[in-house]
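Written below as structure tokens is the structure these notes are about.
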Amino acid sequence: MTQDNSKPGKTTLSRRQLLKAGTVGAALPLFSIMSRPASAAEFNYKFATGQDPSHPVNKRAQQAIDRIREATGGRLDIKLFPANQLGSDTDLMSQIRNGGVEFFNQASVVLSTLVPAAGIVNTGFAFHDYKEVWQAMDGPLGAYVRAQIEKVGLLTMSKPWDNGFRQITTSTKPIKTAGDLKGLKLRVPAAPMLTSLFTALGASPTPINFNEVYSSLQTKLVEGQENPLAIISTARLYEVQKFCTISNHVWDAYWILGNRRAFEKLPKDIQEIVRRELDKAATDERADIASLAGFARNDLQGKGVQIIEADKDSFKAALAQANFYKDMRAKFGDEAWKLLQNAVGSLG
């Protein structure tokens, strides 16, 4: 993983905080202690995520919520519901649209089922490092994706957060080349981009919601899965997987989505505070993910997981042979494809 260039500061979470999922998860308050009764707030909103309470997404979201409450004098009270407490990712996609929840953290790979353009950032083996990622996502490509998201009536509340580069884990055999994936029953999110990628690579991708991943691996319903190292660590997937392949096959964004009607009910000054604090949280969370990926690999190895370096050339060759990039260009259109290639160079 490319190292993050952010300078360490007071907002950087410690190694112990990031990796002690059991202890830290239990300590994370699902609801902040309030300085005045909930009934005193003018606006009471919900913020849902699918990540484990110990994940940086929830830590930084809770900090932003606390700052928002303080900056608004308690006028806006937001309660955080991590770990799919309010439903699966697909359930929450419906809830954010109908106002069942006001804010929701969603990965691009799943958001692409509603906003296909969001999936362009998940193009297989497109991004080489974080320099390319943030140049694209804080620039023209990110602006393009945000515009497409807002066309379906949702709001993007901040610059994108980091879901990290995705890696492959398995319980049955190590994966080094594309040929090793042939026929492998691999859990993927309910996301067309990842299904297309692993189908092109010869695997047997199986869409399963994240809240069912651990049990599906434990019962051998699937042999493996793919996720960023931060997820593999905080969700304790090392307990049911033996091998981890560092493939960096896809980079993924997290988008903080807002229900438009609910957000527009807020006074302009509160809207500005919400956007400001979530943007700050995005910067902090990006640094957390880069730091966590830097030592999660060693942590997994220490827990008995065998680490394998992928032969990326074999994966890219398999994708080229399957006309994967040609198909992706047709799927996303010339405008979006040009924006992606401006950031990463020629593909396929």
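Of all the options 189, 82, 140, the one that moves most in a Gaussian network model of the chain with Cα springs shorter than 10 angstrom is 140. Mean projected area of the Cα convex hull of segment 15-343, taken over all directions, amounts to 15.5 nm². Checking the a/c ratio against 1.5 first, then a/b against b/c, what shape does the Cα gyration tensor give for segment 54-103? Verdict is oblate for segment 54-103. With the dipole of the chain worked out from charges on the C-beta (+1 for Lys and Arg, -1 for Asp and Glu) around the Cα centre, which of 305, 250, 323 lies farthest toward the positive end? About the Cα centre, the residue reaching furthest to the positive side is 305. When both segment 246-295 and segment 203-226 are represented by their alpha-carbon centers, they are found 27 Å apart.
The ellipsoid that matches the Cα gyration tensor of segment 96-147 has semi-axes, each √(5λ) in whole angstrom, of 23, 12, 10, with the longest given first.
Segment 74-141 to segment 44-61: how many Å between their Cα centroids? Cα centroid of segment 74-141 versus Cα centroid of segment 44-61: 12 Å apart. Neighbours of residue 50 by Cβ distance under 11 Å: Lys/Arg scored +1, Asp/Glu scored -1, total -3.
Seen from residue 336, the other residues with C-beta closer than 15 Å to its C-beta sum to a net charge of +3, counting Lys and Arg as +1 and Asp and Glu as -1. Partner aspartates and glutamates whose Cα lies under 13 Å from the Cα of residue 312, excluding those fewer than 8 positions away in the same chain, are identified as 180. Summing Lys, Arg as +1 and Asp, Glu as -1, what charge do residues with Cβ under 11 Å from the Cβ of residue 111 carry, residue 111 excluded? That works out to -2. Helical content alone sets the calculated 222 nm signal of the chain at -13000 deg cm²/dmol, taking -39,500 (n - 2.57) per DSSP H segment of four or more residues and averaging over every residue.
Bear in mind that the values in this text are calculations on the coordinates, not laboratory data. The model shown is predicted, which means the values in this text are computed figures rather than measured ones. A quick note on method: Cβ atoms are made from the backbone with ideal geometry, for glycine too, and the neighbour counts reach across all protein chains shown.
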